[in-house]
Protein chains: 2
Amino acid sequence: MIRHLDPAQLSVLRQVGRGWARVSATPEAAREALPVDPNLGRFPTREELAPAGTGRVVEMPGLSGQIPAPDEAEGPWSTRWGLGLRRMLLGAPLKNTAITHESMRKAIALPVLSADALSSVAYGPEAMLTILVLAGAAGVTYSLPIAAVIVFMMLALGISYRQTIRAYPHGGGSYIVSSANLGRGPGLFSAAGLMIDYVLTVAVSISAGMAAMVAVFPGLHSAIVPIGVLVILLLLAGNLRGIRQAGLLFAMPTYAFMLAVFGVVVVGLIHPFGQAPSSAGQHSVTESVGLLLILRAFASGSTAMTGIEAISNAVPVFRSPAWRNARTTLTWMIGILICLFLGIMVLAHIVDVIPVAGETVLSQLARRSFGDGVLFWFTQIATAGVLMLAANTAYNDFPRVLFLMARDDQAPRIFLRFGDRLAFSNGIIVLSVAAAAVYIGFGGVTAALIPLYAVGVFLAFTLSQWGMVMHWWRRRESHWRKSLAFNAAGAVLSAVVLLIAAVTKFMAGAWVALVGIGLLVVTARLIRRHYQAVDKAVRLHPDAIELPVQPLPTPVGDPRVVSPPAGESEETPQDIQNFTVVGIPSIDLSSLRALAYAASLGQPVMALHISAGDEEAEQFRAYWGQWGNHVPLEVVVSPYRAIVAPMVRYLEALHRQNPNLTLTVVLPEIVARRRYRLLHSRTANRLRRALRPHPKIVITTIPFHVT
Amino acid sequence: MIRHLDPAQLSVLRQVGRGWARVSATPEAAREALPVDPNLGRFPTREELAPAGTGRVVEMPGLSGQIPAPDEAEGPWSTRWGLGLRRMLLGAPLKNTAITHESMRKAIALPVLSADALSSVAYGPEAMLTILVLAGAAGVTYSLPIAAVIVFMMLALGISYRQTIRAYPHGGGSYIVSSANLGRGPGLFSAAGLMIDYVLTVAVSISAGMAAMVAVFPGLHSAIVPIGVLVILLLLAGNLRGIRQAGLLFAMPTYAFMLAVFGVVVVGLIHPFGQAPSSAGQHSVTESVGLLLILRAFASGSTAMTGIEAISNAVPVFRSPAWRNARTTLTWMIGILICLFLGIMVLAHIVDVIPVAGETVLSQLARRSFGDGVLFWFTQIATAGVLMLAANTAYNDFPRVLFLMARDDQAPRIFLRFGDRLAFSNGIIVLSVAAAAVYIGFGGVTAALIPLYAVGVFLAFTLSQWGMVMHWWRRRESHWRKSLAFNAAGAVLSAVVLLIAAVTKFMAGAWVALVGIGLLVVTARLIRRHYQAVDKAVRLHPDAIELPVQPLPTPVGDPRVVSPPAGESEETPQDIQNFTVVGIPSIDLSSLRALAYAASLGQPVMALHISAGDEEAEQFRAYWGQWGNHVPLEVVVSPYRAIVAPMVRYLEALHRQNPNLTLTVVLPEIVARRRYRLLHSRTANRLRRALRPHPKIVITTIPFHVT
C-alpha cells in the first residue's frame, strides 16, 4: 500500500526537503538527541499483535497473499460491558497465524460449495409452477418443456464455468474476470449484480427455509418475520466469529438434502398413483397460456440456477491439482443439480402437485412419498439446513466482493479491514442489515422475493462469461477455440435469461433489483472519483509548492504584519507561524495543565474564557491575576451559557486577522470511565465539527484523567 | 457558572503561578508580542450570536433569569442536506432576543394551563367504570360514591395548591418545592415521579385521543399505533421548533372541549330516558364487589386529578398581580374540572353507560345526547384536541425538570443546552423516545397504561405538599397555620391515593412506574456522585501539586535519564517534557504538512511509518532519504495491513521507556466534504479511543482540505 513516487514527485520531495532548515548536524545526531530510543526492534511481533485465542481459518479464495490482519476492538463493542458481550458472542480475538491455507477433499468441497446451487431446487421448481398454474391445467403442461430448457442451460453454464476454472486457477469470481477482461465498467456492473444477488440469496434462502419448517410446524406461520430476522442475527454473529465453510458439519446438510430429495423422487415414482395430495385439481384459472406467461415461468424457474458459479470462485481451496479437482467437482455438482431438479419437476408433473398456500411443493411431494413420519421431518429439516448453508455462503462472498472493490478504490476503504476474528466485519454487517431489510420489507414471502432474484446473478453470469470470451480471444492458448465457443454459448444464454427475467418480471419486482444495481454502480463510481481527487490533491506536484531554493530564516519583526498569502508554504517548519489559543472553561487543574502544555510548546499563546456575565468576567480576570497573568487572557461575555458558538465566532475573527497563522486550539478534556462519557461536555468535538471547514486550525485536547 | 475559589485554592493557584517562568517582562509586553490582537471588542454581539430568523418565545416559568442561549447547529442535522430538512421542519434559528417575558390574560391562561387537568376527564371516569363493571351492576352502583370522594380530593388539592402559589410566586414545581424544603432525596423522588408522569401523560393523552377519533372513524382502529407514533413525531418537531403554549390557537381546544362536555351532560340530563346506548345492561360479572375492587376503581379514577399542579408551576406567566390571578384561575379550573367530572359520572350513572370495546364512555354519551351528527363529531374532535394539548404540556414540563436537575448536577449537563430554536432539544428528544416506547410497548391502549399512571403524579403531589408544610412551619408568616393545615391535608390525601394506587395496581403495571422512579433516582445519584468526584479531582488542592517555590531551569543533560515520577508536576510549562511522534501513512502533501507542523513546534520529534512488508519499508526509507532525513524515522513492519494496533503498541512501548514524557501524536487528516466522510480513514479517532486510558498522550490531527 506504499504510494510509489515517480521522478517528478521525487524531485518535488527533494525540493521540499531543501527548504527545511537543518536542526542537527547529521540525522544520527538528531536521533541521538531524542528523549527515547525509537528503535524497539521488530515491533510488534506477530504474537504481540493479537495476543489471545486460537483458531483456524481457511484462506479465502481470490485473495491469495492479500489477507489483511486483525484490527483492534472498536465500535459499539468497546465498552467493558460490550466487550464481555462481544467475547461471549464472537469469541476471543484470533492470532494472525490462524490464517492458514487449508485444502479440501472433493467429498467435502462438493457439499460445501454446492449448497447454494443445490438448495435452489427447494424454491426454483415451485417458483416456475406458481406462474404456470395461473393458466390452470393448460399452463402446468408446459412445466416439463420449460424444465428441459433450464436443464440445457445448466449444462451449458456448467461447461462454460469449466473453462473459467482452467483459466483462473486462483479463483475467477465474476468481478475479477469481468474487470480484467472487459474493463472497470462491466466489472462494476458484475459486482453490483453479485451484491444484490447475495442479499437476495440470504433473504430467499431464509424465507424458503422458513416455509420448509412451517410445513412441519404450521404454528410458526405467523412468526416467520421475527424468526427469520433471528436467523439473520445468528448468521451475523456466527460470521463475525469467523466461522468458515469447512468441515463435516457443513457437509452434512447438503448430503442430507440430496439423500432426502432422491428418496422423495424415487419413492414417489415407485408409487406414482399413491394417495393424491389434497391440492390436486384445484387449479383456478386466472390467465391464459401465452408466450409471456411461459417466459415468466422460465424466468422464475431459472432461480434454480443460482449458485452455479460458486466452485469457479473457490478453485484454490481444492487439493492439488486444484483446477482439475475443481472441474471434476463442478461436473458432479451439475449432474446432481440436474437430477434433483428434473426429479422434482417430473414427479410434480406425474402426481399433479401445484403450489398451495402454507405448504411448499417439495413438502407436498415429501408428504406424499413418506407420509407424515420421521422421513418427512427429515426432508424438511434437511431442506431448511441446506438453505441456511446457502445463506451462509453469501456471508463469505459478499464481503469478499466489497473487499475487492475497495482494493480498486470503488468501495469505502473500511471494507478492507479485518475484524479481530479475522472476518470482514464491516461487509458482514452491511449484508445482514440489507438482507434483514429486504426480508422484512417483503414479509418473508419467497414468492414476493423471487421476481427480484436472478436478475443480478444472470447479469454477473453474462459479464463473467463474456469476459472469458475476451480472455480466450486475447490469449489464444491451446484449445482456445473450444473454450471460447463454450463461454460464448454461456454468455449468450445468460444474456437471454437476463433479458427475459428483466422484462417479464420488471413490474413484479425486477425493477427494484435493477435500480439497486444502478445505484451501486453510480455510488462506486462516485467513490472512485473522490478517492482519485484526493490522491491528486495530496500528490507531490510542483504546482502545489512554491519554495525558495535556500532555506529562509524564521521571519522576524512585527509578526502582526500579514505576509502575502500567495506562495505561502505549509511544508517547511520555518514557514509555519504558530499561534495557540487555550480555551479555559474554569480555573482548575485540568485547565492549568492545558495552559502549561500550550506554553511548553514555546509558541505564542493566549487564553480564551467564555463568561456568562460582566461580573463573572471580572472575577475570572481577578483569579487570572492571582495566578500571575502569565498568558494573555481574553474574556468573551456570552449571556445565556452558550460556549461553542461564541468560541467559534471569536476564533474565526482572530484567524481572519492573520490568515497565515496556524491556529492551534488547546482545550482541557476530562477523561472519565466510559460509562460516564455522556456526562461530560463534548466541547472539543463540537468545536472540531464547527471549525472543520477552516484550514490551518488544529484542535488539541489535553486529557485529564479522573479515576 | 464560574467556579469560585476559596482562600486555600487561591493559595494553590498563586503557588502554581510562581512556578511559571516569566516569558515577558510584563503581561502587557506578552500581549503586545502576540501575532494577532486578541481584543475584538465585546464579542460576539447578540446579533452575531444567532444571526437569522425571528420569533417570540414566552419565558419559561421557574427559570427566571436563567434561560440559556441558543447553541449552534449540531447532531444528525449537521449535513447540508440535513440542515435543509432541519430548516424545513424546525424553522430558522431564533435570536436570543426572541426570549421575551410575555404575560397571559386569565382567559388565555385558563385554557392553556388547564388542558392537562381538564382532559383527564376524557379517561378518568372511564378508567374507574372499567374496574367497577368487573363486578357487574352491583359494582357500578359504587361509581357515584367514589366520584364524590374524588371530587373532595380535587377540592382539597385545589386549596392546597392555592397555598403553594402564594408561597412560590416565581413558580413552585414539585422538584423545587420538595428540594428546597425536604432536601435533595425527596426532591429527586419528586422529580423522578414527575418525569415518569410526563412520559405517561404523553402516552395516555395520545392513546385516549386516538380512542376519541376511532369512535368517529372506526377504520382507524387497526392503525392506532403508527398514527400515535406519528403524533409523537409531530409533537417532537413542533416543540423542537419552539412552539410555546400561548395564544388563542392553544386556548380553543380547551374551550371547545368544555363546551362539548357541558353540552353532552346538559342534553343528556334533559332527555335522561332517550335512546339507551347499545351497550346498556351487558354487564358480564367476573369479580364480586369488595374493598379491593373499590380501591382499585378509586385509584384508576384518580387519574382524573392529573394536571392540577400546572398552574402553580406557572405563576410568573400571569399578568400582575401574578399570584392573585393565578389563584383565581386555579379556583376556576378546579370548579370546571369538578363540574365536568361530576357531570360525566352522573350522566353515565343515570343512562347506565359502561365501557365497551371500540367506543369510549364519553363518546357513547355524546352519541346518545347528539346522535351521529355534527355535534357528535365536534365533541370527539374537541376531545382529541384537548388531549393533544395536554400531551404538549408535558413537552414544556419534562425538559424543564431535566434542566433543573442538571443545574443541580443530578442529570447530564447536555440538558442545560438550548437548541437554536430556544427549546431544550435534548429533553424534548428524550421525552419523545420514552413516550413512543411506552406507547408502542402498550399497544396504544389507554386501559393498559392507566395502572402505570397516577403513581408518579401522586408521589410528586405528596412530596410537594409535604414540602409546603415544612415551608410554613419554618417561615411562620402570616396565616401560616391555615396554610399549613391545608397543605397537610393535601399531603395526607395525596399520600393515601399514592398508597392505594401503588398497592392495588402494583401487579397491573404500577410496579413498572415504581421501578422507573427507582432507577431514575439511583441514576441521578450516581450522576451527582460522578460530577462531584470530578470536581474534587480537578480542584486546586494542595496535595495535587508539588512545586518548587522558585522556577527551575529546563532540565539539561541526557534527556533519556528518567527523572523520578514522584512530585512530577504538569502545571508548569518547564516541567513538561514534550516529545512528538508524527504518524506518516505515505509520503504526500498531507503528511509533509503534518511533519512541518510538528517540527515547527520546536520540540523533539520523530516520524513513525507502519509498513506492510520489509521491501516496502526499505522503499519508504529511501524516499525519506531523498527528502533529506530531517526527522528521525522509525518504520514498523506490520504484515496484513493492520495500522492502528501496531501504532498503539509502539506508542505504548515508547511511553513506557520514559513515562514522564508528554507524548503528542500528530497525524495528517484528509478533510473532505461531509458526504465523503465515511470514505476516509478514521485512524485518528480509533487511535484516540485506543490511547484514551493513557495519561500524557495527546492526539492532534493536522487537517488537509480537499475541495
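The values are calculated or read from the model by the stated rules, or taken from the named source; none is laboratory data. It should be emphasised that the depicted structure is a prediction, and the values quoted were computed from it without experimental measurement. For neighbour counting, all protein chains shown are included, and Cβ atoms are generated from backbone atoms with ideal geometry for every residue, glycine included. Side chains are part of the model used for accessible areas, which takes the heavy atoms of the whole protein and leaves out ligands, DNA and RNA. Shrake-Rupley method; radii C 1.70, N 1.55, O 1.52, S 1.80 Å.
Across peptide A:642-649, the mean count of Cβ atoms from other chains lying within 10 Å of each residue's own Cβ comes to 6.
How charged is the neighbourhood of A:Thr707? Take every other residue with its Cβ under 12 Å from the Cβ of A:Thr707, and add Lys/Arg as +1 and Asp/Glu as -1. Taking every other residue near A:Thr707 into account, the sum is +2.
Name the chymotrypsin sites (Phe, Trp or Tyr not before Pro) in the range A:631-707 that are in a loop by DSSP and that have at most 14 other C-beta atoms within 10 Å, would you? Don't skip to the answer; put the middle values down first.
On the way: sites: A:Tyr640, A:Tyr650, A:Tyr676, A:Phe704; in loops: none.
Those that pass, being in a loop and sparsely packed, number zero.
Inter-copy label distances for A:Ser222: 1.4 nm (label point placed 7 Å from Cα along Cα→Cβ; shortest first).
For B:Leu259 and A:Met507, what does the FRET efficiency come to when R0 = 56 Å and r is the distance between their Cβ atoms, rounded to the nearest 0.05?
Numbers: r = 53 Å, r/R0 = 0.95.
Computed FRET efficiency for B:Leu259 and A:Met507 comes out at 0.55.
Between this copy and the others, label points of A:Ser288 are 7.5 nm apart in ascending order, each placed 7 angstrom from Cα in the Cβ direction.
Amide hydrogen proximity for A:Ile702: with H placed 1.01 Å from N in the peptide plane, the residues at 5 or more positions away or on another chain lying under 5 Å are A:Leu667, A:Glu669. What shape does the range A:573-705 have by the C-alpha gyration tensor, where a ≥ b ≥ c are the square roots of the eigenvalues, rounded means a/c under 1.5, and otherwise prolate means a/b greater than b/c and oblate the rest? Verdict is rounded for the range A:573-705. Here the contact order of the range B:97-531, divided by its residue count and restricted to Cα pairs under 8 Å and six or more residues apart, works out to 34 percent.
Considering every residue in B:599-608, what mean count of other chain Cβ atoms within 10 Å of its Cβ is obtained? Provide the component values of the computation, followed by the final result.
Values: counts 7, 12, 9, 7, 4, 6, 4, 6, 1, 1.
Taking the mean over all residues of the peptide, I get 6.
Between B:Leu10 and B:Arg675, the simple spin-label model (points 7 angstrom out along Cα→Cβ) gives 5.8 nm. Sites listed here are trypsin sites (Lys or Arg not before Pro) in the range B:461-507 whose DSSP assignment is loop and whose Cβ has at most 13 other Cβ atoms within 10 Å: B:Arg476. For B:His655, the solvent-accessible surface with a 1.4 Å probe is about 30 Å², rounded to the nearest 10.
Excluding A:Val497 itself, calculate the net charge of residues whose Cβ lies under 13 Å from the Cβ of A:Val497, where each Lys or Arg counts +1 and each Asp or Glu counts -1. Show your work: numbers first, answer last.
Working: positive: A:Arg296, A:Lys505; negative: none.
So the environment of A:Val497 carries a net charge of +2.
Leaving ligands and nucleic acids aside, the B/A contact buries around 13400 square angstrom of accessible area in total at a 1.4 Å probe radius. Multiplying the sequence separation of B:Val496 and B:Thr141 by 0.36 nm and subtracting their Cα-Cα distance, what value in nm do you get? 125.5 nm is the gain from fully extending B:Val496 to B:Thr141.
What ranking, highest mean first, results for peptides A:217-230, A:424-437 when packing means the other Cβ atoms within 10 Å averaged over each residue? Mind dumping the intermediate values first?
Details: A:217-230: 13.9, A:424-437: 21.9.
Highest to lowest by the protection proxy: A:424-437, A:217-230.
For A:Ile610, the residues whose modelled amide H falls within less than 5 Å of its own, excluding neighbours fewer than 5 places apart on the same chain, are A:Ile584, A:Val636. Across the identical copies, the 7 Å label point of A:Arg525, projected outward along Cα→Cβ, sits 6.3 nm from its counterparts, in ascending order. For the range A:591-707, the relative contact order is 28 percent, taking Cα pairs closer than 8 Å that sit 6 or more residues apart in sequence and dividing their mean separation by the residue count.
In this simple spin-label approximation, B:Leu230 and A:Val266 carry label points 7 Å from Cα along the Cα→Cβ vector, and these lie 6.0 nm apart.
Which whole number gives the average count of other chain Cβ atoms within 10 Å of the Cβ atoms across peptide A:402-414?
Values: counts 0, 0, 0, 0, 1, 0, 0, 1, 0, 1, 5, 4, 5.
For peptide A:402-414, the averaged partner shielding equals 1.
For the range A:97-531, with all protein chains present and a 1.4 Å probe, just round the carbon and sulfur fraction of the accessible area to a whole percent. Display every interim value, and only then the final one.
Working: 11060 of 15520 Å².
That fraction is 71 percent.
A Förster radius of 51 Å, combined with the Cβ-Cβ distance separating B:Ala485 from B:Leu249, puts the computed FRET efficiency at roughly 0.80.
For the ranges B:152-164, A:403-415, A:513-525, what's the packing order if you count other beta-carbon atoms within 10 Å of each residue, average per peptide, and put the highest first? Let's see the in-between values first.
Numbers: B:152-164: 22.2, A:403-415: 20.7, A:513-525: 17.7.
The packing order, highest mean first, is B:152-164, A:403-415, A:513-525.
Here the simple spin-label model places points 7 Å from the Cα toward Cβ, and for A:Asn685 and B:Ala148 these points are separated by 6.1 nm. For a straight C-alpha distance cut-off of 24 angstrom, the lysines reachable from A:Lys696 (same-chain residues fewer than eight places away being disregarded) are A:Lys536.
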